[in-house]
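Quick notes on the structure that follows.
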Amino acid sequence: MSIQAYQTNSVETASPGELTLMLYNGCLKFIKLAGKAMEMKNYEQKNIHIQKAQKIIQELMITLDQGASISKEIMPLYEFINRRLLDANLNNDLIILSEAQDLVTELRDTWKEVIRQTRQQQYGEGGNV
């Protein structure tokens, strides 16, 4: 099986929780690539990677369950991250980019823990992510 076929299969068989985790990981990947491009003064690549990270944050915003009480706390955080990515892009600012990365990492790690706990409740011990 090719890597692309494996990745496609992973996405197609993933639970909604796992898909959200994939989005967080993808966002972090693009933020890191943007930081490397910024350090190398490759502003075109920096812009492309930050825009990809922003698209992921926007997708998370669109798919956020507005009926869930936690949404009222998460939506402003997504909006803040999106704004910081824009600021980092406009100002070529690694510190702001790092701030956005830290926030996405915290969300991703929290989400991983939620998935782990949910699996433990569903399947007993051993529900590692």
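The values are calculated or read from the model by the stated rules, or taken from the named source; none is laboratory data. The shown structure was predicted, so the numbers you read here are calculated from the model rather than taken from an experiment. Methodologically, a virtual Cβ is constructed for each residue, glycine included, from the backbone with ideal geometry; neighbour enumeration extends over all protein chains shown.
Tabulated values for the structure
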{"item": "Residues satisfying the stated conditions in the stretch 55-69, i.e. among the aliphatic types (A, V, I, L, M) and either surrounded by 10 or more Cβ atoms within 10 Å (Cβ to Cβ) or under 11 Å from the mean Cα position of the chain (by Cα) (or both)", "result": "Ile56, Ile57, Leu60, Met61, Leu64, Ala68"}
{"item": "Only one of Lys52, Lys41, Lys36, Lys72 that is among the basic types (Lys, Arg) and surrounded by 14 or more Cβ atoms within 10 Å (Cβ to Cβ)", "result": "Lys52"}
{"item": "Filter pass, Ile96 being over 14 Å from the mean Cα position of the chain (by Cα), among the β-branched types (Val, Ile, Thr) and at pLDDT 95 or above", "result": "yes"}
{"item": "Lys46 under 16 Å from Met22 (Cα atoms) and surrounded by 13 or more Cβ atoms within 10 Å (Cβ to Cβ)", "result": "no"}
{"item": "Identity of the residue in the stretch 96-111, in contact (Cβ under 8 Å) with a residue 40 or more places away in the chain and of a type outside the set (Gly, Ala, Ser), that ends up surrounded by the fewest Cβ atoms within 10 Å (Cβ to Cβ)", "result": "Thr105"}
{"item": "Residue check for Ile74: free of Cβ contacts under 8 Å to residues at least 40 places away in the same chain, closer than 16 Å to Leu21 by Cβ and touching a Cys at 6+ places or on another chain (Cβ under 7 Å)", "result": "no"}
{"item": "Residue count for the stretch 112-125, restricted to those that are of a type in the set (Phe, Trp, Tyr) and surrounded by 13 or more Cβ atoms within 10 Å (Cβ to Cβ)", "result": "0"}
{"item": "Given (1) within 20 Å of Met22 (Cα to Cα); (2) surrounded by 14 or more Cβ atoms within 10 Å (Cβ to Cβ); (3) without any contact (Cβ under 8 Å) to a residue 60 or more places away in the chain; (4) not aliphatic (A, V, I, L, M), number of the condition Arg84 does not satisfy", "result": "(1)"}
{"item": "Qualifying residue in the stretch 99-106 (condition: more than 13 Å from the chain's Cα centre (by Cα) and at pLDDT 95 or above)", "result": "yes"}
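Yes or no, residue by residue, for (1) outside any helix (DSSP H, G or I); (2) more than 18 Å from Gln51 (Cα to Cα):
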{"position": "Gly67", "(1), (2)": "yes, yes"}
{"position": "Ile74", "(1), (2)": "no, yes"}
{"position": "Arg83", "(1), (2)": "no, no"}
{"position": "Leu90", "(1), (2)": "no, no"}
{"position": "Ile96", "(1), (2)": "no, no"}
{"position": "Gln101", "(1), (2)": "no, no"}
{"position": "Leu107", "(1), (2)": "no, yes"}
{"position": "Gln121", "(1), (2)": "no, yes"}
